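Worksheet: one structure, shown below.
The values are calculated or read from the model by the stated rules, or taken from the named source; none is laboratory data. On a predicted model such as this, the values are computed, not experimentally measured, just so you know. Using ideal geometry, Cβ is built from the backbone for each residue, glycine included, and neighbour counts are taken over all protein chains shown.
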Amino acid sequence: MSTVATDTHRNRRPGRIHVTTVRRMRRITPRMVRLTLGGDDLSEFSSNGSDQHVALYFYEPGVELPRPFTTDAARALLPTAKPRLRRYTIRGHRPELHEVDMDFVLHGPDQLASGWAETVRPGDEVIWFGPSPAYPVAPVTDWTLLLGDETALPAIGAILEELPPGHRVLAAVEVADRAEQQPLPTRADATVTWLHRHDRGHGELLREHATTLQLPDGQGRVWGGAERGVMRDLRHHFVHTRGLDRADTHLTAYWTQGETQDSEV
């Protein structure tokens, strides 16, 4: 587990290219796999903590990458070879072993990153850029509310692990069914509610739960990650209906209904 970042400087270390290999893979639930990536290149990886994410690089087959493959080398390659990117959260970081964990929701073999995650094997190379700035978890409020679907589970898990003992947390996670629940260890005083979607539309249960939730007394913060429209609705709800300060609401679109996740450098 990475060390808690408690100030803005520690949460904004600059990212760079990392060249790693798959060391292990483990199925967390029927629809989620955890890949452990490692290598000497990670000896210089500095975690930003909590919900930091990285961008995985996917080049077209046959592209020859210069060695060593650095951030400058990737930039020089852009005129002839642009990678497609997928963004994933660092679920765990073990600096003494030069390892990080990333969790992948398995959407099907026709999807770029999740299809790759189903077929990748130990020893395969993985190139990624990061980390991003992260959500500072050191609580300056009385409670924290965490909201998300399965795509946000790695970040929710990382935040829960870093919150201090006794901090009041409510978490609600929408997943496909009971089989997609997973352990979320924490030292905080946390109540986790699992919302089983079954045949309902993505985000419907999460939206309903969040907008009818009785919030604890005192000042709180809200973190969330799910489909763009759901996050837009919840941002409006908490800021304009519930009256939370916009600075205390961190609601991020992790994906957009009907749109591909493709992005270019």
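Observations
- Qualifying position, being more than 23 Å from E161 (Cβ to Cβ) and in contact with a Phe, Trp or Tyr (Cβ under 8 Å, 6 or more places away or on another chain), among Y88, Y57: Y57
- Residue within the range 69-77 that is of a type in the set (D, E, K, R), surrounded by 14 or more Cβ atoms within 10 Å (Cβ to Cβ) and either under 18 Å from the mean Cα position of the chain (by Cα) or in the same structural domain as R24 (by TED's automatic domain parsing) (or both) present: no
- Flag for E162 being modelled with pLDDT under 95 and not hydroxyl-bearing (S, T, Y): yes
- Options V126, V137: the member that is of a type in the set (V, I, T), modelled with pLDDT of 95 or more, surrounded by 18 or more Cβ atoms within 10 Å (Cβ to Cβ) and not assigned by TED's automatic domain parsing to the domain that holds H250: V126
- Total residues in the range 145-187, condition among the small types (G, A, S), more than 21 Å from R242 (Cβ to Cβ) and buried (at least 22 other Cβ atoms within 10 Å of the Cβ): 3
- Set G225, G243, G229, G218: member being of a type in the set (G, A, S) and more than 18 Å from T144 (Cβ to Cβ): G229
- Scanning the range 56-68 for residues that are surrounded by fewer than 21 Cβ atoms within 10 Å (Cβ to Cβ) and out of contact with any Pro (no Cβ under 6 Å at 6 or more places or on another chain) turns up E60, P61, G62, V63, E64, L65, P66, R67, P68.
- Residue match in the range 204-212 (condition: modelled with pLDDT of 95 or more, in contact with a His (Cβ under 6 Å, 6 or more places away or on another chain), surrounded by 15 or more Cβ atoms within 10 Å (Cβ to Cβ) and under 19 Å from G157 (Cα atoms)): no
- Residues that are among the charged types (D, E, K, R) and in a loop (DSSP other than H, G, I, E, B), drawn from the range 123-138: D124
Here's the yes/no breakdown for (1) touching a strand residue (DSSP E or B) at 6+ places or on another chain (Cβ under 6 Å); (2) over 23 Å from F104 (Cα atoms); (3) without any contact (Cβ under 8 Å) to a residue 12 or more places away in the chain:
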position	(1), (2), (3)
A172	yes, no, no
V175	no, no, no
D189	yes, yes, no
V192	yes, no, no
L215	no, yes, no
R246	no, yes, yes
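- Count of residues meeting criterion [within 18 Å of the chain's Cα centre (by Cα) and either in the same structural domain as T29 (by TED's automatic domain parsing) or closer than 30 Å to T141 by Cα (or both)] in the range 171-193: 12
- Residue check, V173 of a type in the set (V, I, T) and either at pLDDT 95 or above or closer than 30 Å to L65 by Cα (or both): yes
Residue by residue, here is whether (1) more than 25 Å from Y254 (Cα to Cα); (2) charged (D, E, K, R) holds:
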{"residue": "Q52", "(1), (2)": "no, no"}
{"residue": "A73", "(1), (2)": "yes, no"}
{"residue": "R94", "(1), (2)": "yes, yes"}
{"residue": "L97", "(1), (2)": "yes, no"}
{"residue": "M102", "(1), (2)": "no, no"}
{"residue": "V105", "(1), (2)": "no, no"}
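- Odd one out for R221 among (1) of a type in the set (K, R); (2) over 19 Å from P136 (Cβ atoms); (3) under 23 Å from the mean Cα position of the chain (by Cα): (2)
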